[in-house]
Amino acid sequence: MPAGDTIYALATAPGRAGVAVLRVSGPRAGAALAAVMDGRNLPVPRRAHLTSFVDPVGGEILDRGLVLWFPAPDSFTGEDVAELHGHGGPAVITALLQALGRLPGCRLARAGEFTRRAFENGKMDLTQAEGLADLIASETEAQRRQAQRQMSGALGRLYETWRSDLIGALAHLEAEIDFPDEDLPGGLLARQKPVLERLVHAMSVHLDDDHRGERLREGCQMVILGAPNVGKSSLLNALAQRDAAIVSEQAGTTRDIVEVHLNLGGYPVILADTAGLRESNNTVEAEGVRRARALAERADLRIVLYDCSAAAIAGAEVLNLAGDDGVLVANKTDLAATAPVHGLPVSSKTGAGLPELLSCLEAAAKLQMAGSGPAGLTRLRHRQGLEDCQSALRRGLAETDEELVAEDVRLAARHLGRITGRVDVEDILDVVFRDFCIGK
Ligand code: GDP
């Protein structure tokens with residue numbers, strides 16, 4: 001990637017808004033700013049300055065707004081950065097982008113390129129860059145808090161502490177290898193092994209988090225299951241307060257999986273409606289049933305529904321499906337002559353019992369996502385890196401030869417370094433930054 005390029009992009013969301021912010025970063029950012037300010041002097045760094053924006057080619061005034069100037073290295077990217085705050089209309093934005101595009105050495109930024117430069121210039125580690133992406137994507141309070149913690153560097157610091165412990169152990173091991181006859185205290189290998197064991201244990205505790213951080217990032221998957229016509233789609237709609245699923249009197253109409261995203265007390269939930277569970281000769285319906293069962297297997301929570309107006313007790317299959325950890329729901333209480341024996345009584349039609357059901361789901365969501373600690377891991381990438389690190393350490397702990405132990409410790413440190421981006425990570429950068437938007 002040519003670091004010498006000066007990049008620019010709209011930093012705010014496209015569309016109509018009061019203000020639109022364009023950001024320019026790179027060695028020609030100052031020249032670009034001066035050009036759109038019609039050659040006037042650059043403003044005082046980090047102070048808002050009101051100016052006209054002109055087309056550097058024809059001299060036409062395009063807009064009037066504020067500019068901010070952040071000379072390197074005290075900027076988001078660590079390079080010279082200029083911000084133009086213009087009016088947030090599509091034509092204004094296009095005119096300003098075109099004006100910047102006409103300047104020599106300036107080009108439109110690629111997705112995530114500003115943040116990638118910030119990483120490459122040492123402004124943040126990879127976990128912080130991921131935290132920033134998560135913050136922009138976060139939709140609920142709990143997600144925002146988790147992203148903010150990661151962006152502040154809490155996770156990266158934890159991994160860096162472990163890595164420096166490993167590097168310390170490695171230095172001792174290498175001293176023993178390089179100077180075996182020197183007057184070094186004996187049994188160094190024996191003394192370093194407890195250090196490695198302690199780290200393996202600390203990583204196990206960290207990894208044994210029931211995937212809370214990852215679930216919070218992606219949303220807790222809940223699935224509604226039950227026989228056809230018990231009111232699964234109606235319940236999904238009632239909970240989502242909109243018509244996301246097809247509600248129909250004809251049995252077997254939901255053949256694919258319909259999902260809605262809910263915010264339950266700050267926790268993100270993906271609620272899925274599924275095909276009614278029954279034997280079917282219709283291949284499409286049978287496929288829907290297969291998918292429903294597969295989702296039931298991998299979901300974080302099963303909500304199992306039965307029609308309590310047909311029978312006040314749930315059948316064996318329903319009880320089985322709910323098991324000990326599912327939520328059993330008795331629907332259609334408005335039609336039932338007697339109170340249901342099993343499950344939480346609700347009516348998707350009248351809304352009776354729904355607040356109680358929602359509180360129960362919220363408690364379940366919280367239980368599965370809350371308390372990932374001040375620095376919980378949030379991505380499979382972190383999990384894999386730590387597992388690879390642990391495997392290397394376990395291999396090292398089983399060795400008796402210092403050189404082989406040292407080699408495994410070196411590898412383990414490298415796996416940790418790849419999580420934060422402290423070692424050569426060129427191969428994973430595209431994966432980390434591809435989820436960013438342009439302008440970030
Ligand atoms: P699904 O096949 O399990 O998804 O069931 P639907 O949500 O399509 O509902 C089947 C039928 O039951 C529809 O006619 C709904 O209007 C009706 N229904 C669903 N829930 C209730 C309820 O709580 N009370 C009453 N009276 N009817 C309901």
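The values are calculated or read from the model by the stated rules, or taken from the named source; none is laboratory data. Remember, predicted model here, so these are calculated numbers, not experimental data. Here Cβ is always computed from backbone atoms with ideal geometry, including for glycine, and neighbour counts include all displayed protein chains. Just the protein is used for accessible areas: all its heavy atoms, side chains included, with ligands, DNA and RNA removed. Shrake-Rupley method; radii C 1.70, N 1.55, O 1.52, S 1.80 Å.
A count restricted to segment 25-77 and to residues that are within 15 Å of ALA95 (Cβ to Cβ), hydrophobic (A, V, I, L, M, F, W, C) and assigned to a strand (DSSP E or B) stands at 4.
Would segment 100-112 turn up any residue that is in a helix (DSSP H, G or I) and not assigned by TED's automatic domain parsing to the domain that holds VAL269? Working first, answer last.
At the first step, the residues of segment 100-112 found to be in a helix (DSSP H, G or I) are 100-101.
Subset that is not assigned by TED's automatic domain parsing to the domain that holds VAL269: 100-101.
Checked segment 100-112: at least one residue is in a helix (DSSP H, G or I) and not assigned by TED's automatic domain parsing to the domain that holds VAL269.
Every residue in segment 356-380 that is of a type in the set (Lys, Arg) and in contact with a helix residue (DSSP H, G or I) (Cβ under 7 Å, 6 or more places away or on another chain), please. Don't jump to the end; show me each part of the working.
We begin by selecting, within segment 356-380, every residue of a type in the set (Lys, Arg); these are 366, 379.
Residue satisfying the conditions is ARG379 alone.
When the residues of segment 267-310 are filtered to those that are within 16 Å of the ligand (Cβ to nearest atom), part of a helix (DSSP H, G or I) and not charged (D, E, K, R), the one that is surrounded by the fewest Cβ atoms within 10 Å (Cβ to Cβ) is VAL284.
So, ASP408, is that one surrounded by 16 or more Cβ atoms within 10 Å (Cβ to Cβ), among the charged types (D, E, K, R) and farther than 28 Å from MET151 by Cβ or not?
Criteria met by ASP408.
One residue stands out in segment 337-354 among those that are open to solvent by 80 Å² or more (accessible area, probe 1.4 Å) and closer than 17 Å to LEU235 by Cα: the one that is nearest to the ligand (Cβ to nearest atom), namely LYS349. Identify, by number, the condition in (1) of a type in the set (A, V, I, L, M); (2) open to solvent by 40 Å² or more (accessible area, probe 1.4 Å); (3) at pLDDT below 95 that LEU108 doesn't meet. Condition not satisfied by LEU108: (3).
Filter segment 124-165 down to the residues that are among the charged types (D, E, K, R), open to solvent by 10 Å² or more (accessible area, probe 1.4 Å) and in contact with a helix residue (DSSP H, G or I) (Cβ under 8 Å, 6 or more places away or on another chain) and list them by number.
Correct list: ASP125, ASP134, ARG144, ARG149, GLU160, ARG163, ASP165.
State the number of residues belonging to segment 317-336 that are within 13 Å of the ligand (Cβ to nearest atom) and open to solvent by 90 Å² or more (accessible area, probe 1.4 Å). Summing the residues that are within 13 Å of the ligand (Cβ to nearest atom) and open to solvent by 90 Å² or more (accessible area, probe 1.4 Å) in segment 317-336 gives 1.
Output yes when any residue across segment 387-402 is more than 16 Å from the ligand (Cβ to nearest atom), in contact (Cβ under 8 Å) with a residue 12 or more places away in the chain, under 27 Å from the mean Cα position of the chain (by Cα) and open to solvent by less than 50 Å² (accessible area, probe 1.4 Å), and no when none is.
We begin by selecting, within segment 387-402, every residue more than 16 Å from the ligand (Cβ to nearest atom); these are 387-402.
Now restrict to residues that are in contact (Cβ under 8 Å) with a residue 12 or more places away in the chain: 387-390, 392-397, 400, 402.
Next, from what is left, pick out any that are under 27 Å from the mean Cα position of the chain (by Cα): 387-390.
Of the ones still in play, those that are also open to solvent by less than 50 Å² (accessible area, probe 1.4 Å) are 389-390.
Scanning segment 387-402, I find at least one residue that is more than 16 Å from the ligand (Cβ to nearest atom), in contact (Cβ under 8 Å) with a residue 12 or more places away in the chain, under 27 Å from the mean Cα position of the chain (by Cα) and open to solvent by less than 50 Å² (accessible area, probe 1.4 Å), so the answer is yes.
Hey, does segment 338-349 have a residue that's touching a residue at least 40 places away in the same chain (Cβ under 8 Å) and under 28 Å from GLU214 (Cβ atoms)? For segment 338-349, residues touching a residue at least 40 places away in the same chain (Cβ under 8 Å) and under 28 Å from GLU214 (Cβ atoms): absent. Is there a residue being modelled with pLDDT of 95 or more and surrounded by fewer than 16 Cβ atoms within 10 Å (Cβ to Cβ) anywhere in segment 24-37? Yes, segment 24-37 contains at least one residue that is modelled with pLDDT of 95 or more and surrounded by fewer than 16 Cβ atoms within 10 Å (Cβ to Cβ).
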